[in-house]
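In what follows, a single structure is set out as structure tokens and then discussed.
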Amino acid sequence: MENAEKLYIRGGHPLRGKVEISGAKNSAVALIPATILANSATVLDNLPAIRDVVMYKELLEELGCNVFLKGDQMTIHPENISPVPMPNGKIKSLRASYYLMGALLSRFGEAVIGLPGGCNLGPRPIDQHIKGFEALGARVENKYGAVYIKAEELVGAKIYLDVVSVGATINIMLAAVRAKGQTIIENAAKEPEIVDVATLLNAMGAQIKGAGTDMIKITGVSELHGCTHSIIPDRIEAGTYMIAAAATHGDVLVDNVIPKHLEPVTAKLKEMGVQVEEEDDALYISGGQQYKSVDLKTLPYPGFPTDLQQPFTTLLTKANGTSIVTDNIYQSRFKHVDELRRMGANIKVEGRSAVIDGRFPLHGTKVKASDLRAGAALVIAGLMTDGVTEISGVEHIDRGYEKLEEKLKALGAKTWRASTESHKYPSHHHPYERE
Ligand code: EPU
């Protein structure tokens, strides 16, 4: 899947200006499959222009939906959908394709879905999703790398999640909205993306209460209809720009956000000595000259998001002193650390923690993005150096960040892309020398 394109960044330019945040990736990839529960068309607004969205569109088309994507709006006509088995193929390259399990089970009582791929962050089991489907009355078999699910009838049940899981909470909600009677999900995840999915399902006629708390109650309904829904802003994209603004000692207005969703990030930035001012739907970040080291632990929402752990680790290479970052969600989300070390950082990884010694400035070199947020961490690292950084593995970044270079350039960053070919045969200058 690796492509030959590379992203280049000439660092040392503070980010200044305003950046508009797009719709949330992790909402979009749950809302798109949720729309197949309706018996008429749904319009999703404020979709991010990212590869995961395009891949999901193609998956729905394989199932027989008519899908129209225009700008940031997608219209999904699910009238001709059928439960086509999808044990292999595209389904495996998109982790969030697992939402088709809950959605197809709910609509047809059956689903065959290849086990999901996505970013490699250590083991990512889906046992809690399966436990939920079984509690609702489905039989689930795992054969040849695919999950086979079938139910004569889905009946509401009480489900306690052993692990707080975003995916399992949403998948069980999808499976339960048309089940007979009441489902209660206990120890549910509370992420804003879950509230977004519940808002869409309720607008489609579902009866879901408590989304955003750790107990969600769903009363099954027999039919759902299409509606129009606007996706919430991407708190992880917003956090990435907040961290980038601080990392370059810039001044950036991060616009179109829900500031409450970013509280854990705002709090950590302030603790380091970064100025953050809150407006109704924007955050203004003004970097200081000196930053204090801080310790950070990722936790389910409203704790500090694991998806911003990697970018924040990069920022902490700037702090005076030693910081400890612990990822409580994933066992091995530290692949960016090897690359940061190549750039000159002094970071030790011990188990689930990274110990960052802030006295070592970063230098531009060739690095590789191993996953989406590692990519974001390396982009920020590139912006911090005084040289040129070459980032490969750009396809990971394109999965989740809309118009990254365009947005960065508008803030004054020097960044460009070049393919390996143009790298080999530069017309006038080597990509390393371009502005
Ligand atoms: N887990 C289990 N069993 C399960 C499900 C999860 O043990 O059945 C464990 C996982 O291994 C992990 C923890 O529970 O250690 C949390 O996983 P969760 O299910 O919440 O993660 P997810 O739903 O697969 C979503 C986001 C991730 C984000 C996590 C945590 C989507 C499509 N993905 O994944 O986003 O890191 O929640 O907040 O919503 C990203 O955007 O870069 C990304 C990886």
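Per-structure values
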{"item": "5 angstrom amide H check on MET86, placed H, neighbours 5+ away", "result": "VAL112, ILE113, GLY114"}
{"item": "Rough spin-label spacing in nm, given labels placed 7 Å along Cα→Cβ, for ASN88 and ARG417", "result": "3.0"}
{"item": "Approximate spin-label separation GLU153-GLU277, in nm, with each point projected 7 Å along Cα-to-Cβ", "result": "6.2"}
{"item": "Net charge dipole size for the chain [Lys, Arg +1 and Asp, Glu -1 on Cβ; Debye, nearest 20]", "result": "840"}
{"item": "Sequence-distant residues sharing a close amide H with LYS368 (under 5 Å, placed H)", "result": "SER392"}
{"item": "Extended-chain gain in nm, criterion 0.36 nm per residue less alpha-carbon gap, ASN66 and ARG16", "result": "13.8 nm"}
{"item": "From phi via Karplus (6.51, -1.76, 1.60), per-residue ³J(HN,Hα) for the stretch 69-77 in Hz, x at Gly/Pro", "result": "10, 9, x, 9, 10, 10, 10, 10, 9"}
{"item": "Phi to ³J(HN,Hα) by Karplus 6.51 cos²θ - 1.76 cosθ + 1.60 over the stretch 8-15, Hz, x for Gly, Pro", "result": "10, 9, 9, x, x, 10, x, 6"}
{"item": "Per-pair calculated FRET efficiency, R0 = 41 Å: VAL221 and GLU263 via Cβ, rounded to 0.05", "result": "0.75"}
{"item": "Built amide H within the under 5 Å cut-off of ASN320, gap 5+", "result": "TYR291, LYS292, SER293"}
{"item": "Separation of the LYS292 and ASN256 label points, Cα + 7 Å toward Cβ, nm", "result": "3.5"}
{"item": "Rounded to the nearest 20 debye, dipole of the stretch 208-300 from Cβ charges on Lys, Arg, Asp, Glu", "result": "420"}
{"item": "Per residue convex hull volume, Cα atoms of the stretch 84-235, in Å³", "result": "113"}
{"item": "Too-long pairs where the Cα-Cα distance tops 29 Å, listed order kept, from LYS260/LYS368; LYS25/LYS90; LYS158/LYS297; LYS143/LYS348", "result": "LYS260/LYS368; LYS158/LYS297; LYS143/LYS348"}
{"item": "Qualifying aspartates and glutamates (Cα of each under 12 Å from Cα of LYS150; at least 8 residues distant if same chain)", "result": "GLU110, GLU134, GLU141"}
{"item": "Those aspartates and glutamates that a straight Cα-Cα span of less than 12 Å connects to LYS318, excepting residues fewer than 8 apart in one chain", "result": "ASP357"}
{"item": "Cα gyration tensor shape for the stretch 66-135, rounded if a/c is under 1.5, else prolate or oblate", "result": "oblate"}
{"item": "Solvent-accessible area per residue, Å², over the chain with all protein chains present [probe radius 1.4 Å]", "result": "39"}
{"item": "Partner aspartates and glutamates for LYS270 [C-alpha distance under 17 Å; skip if fewer than 8 residues away on the same chain]", "result": "ASP251, GLU278, GLU279, ASP295"}
{"item": "Portion, in percent, of the accessible area of the chain that falls on carbon or sulfur, probe 1.4 Å", "result": "49"}
{"item": "Histogram of C-alpha separations across the chain, 10 Å bin width, %", "result": "5, 22, 31, 24, 14, 4, 0"}
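The values are calculated or read from the model by the stated rules, or taken from the named source; none is laboratory data. In this text, all values refer to a predicted model and were calculated from it rather than measured experimentally. Counting neighbours? That spans all protein chains shown, and the Cβs are built from the backbone with ideal geometry, glycine included. Calculation scope for accessible area: heavy atoms of the full protein, side chains included, ligands and nucleic acids excluded. Shrake-Rupley method; radii C 1.70, N 1.55, O 1.52, S 1.80 Å.
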